[in-house]
Amino acid sequence: MSRSWCHLCDDLLAGLAPIAARFGVPVDVIDVDSDPALEAAHGERVPVLFAGEIELCHYHLDADRVVAELDAYRARVPDAAADAEVGQRRPDFG
């Protein structure tokens, strides 16, 4: 979750980009201000990074936690890298 005028959001996304590229996962940026329900749920507590339903971090990137989650995903889904190459489902971060 992000918002357009948030420097912490920009910082988190910039730090996340090389990790996402390394693992071949997409990053979906959702603007909390685009949806009143999201804005009410998250308020000023952005950025927030999720892997599916799991909150990985907020305000600042926890790179170690993100990498650990991606490593765990690879362990659960051994063909994750191959799936990513052919466009199969992989964890979305956003």
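The values are calculated or read from the model by the stated rules, or taken from the named source; none is laboratory data. What you see is a predicted model, and the numbers here were worked out from it, not measured in a lab. Positions of Cβ are generated from backbone atoms using ideal geometry, with glycine treated the same way; all protein chains shown enter the neighbour counts. Each accessible area value is taken on the protein alone, full model and side chains, heavy atoms only, with ligands, DNA and RNA left out. Shrake-Rupley method; radii C 1.70, N 1.55, O 1.52, S 1.80 Å.
Numbers for the structure displayed
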quantity	calculated
Efficiency of FRET between L8 and R74 - r from beta-carbon atoms, R0 35 angstrom, step 0.05	0.80
For the stretch 1-59: accessible area per residue (Å², 1.4 Å)	55
Accessible area of the stretch 1-86 belonging to carbon and sulfur atoms, whole % at 1.4 Å probe	56
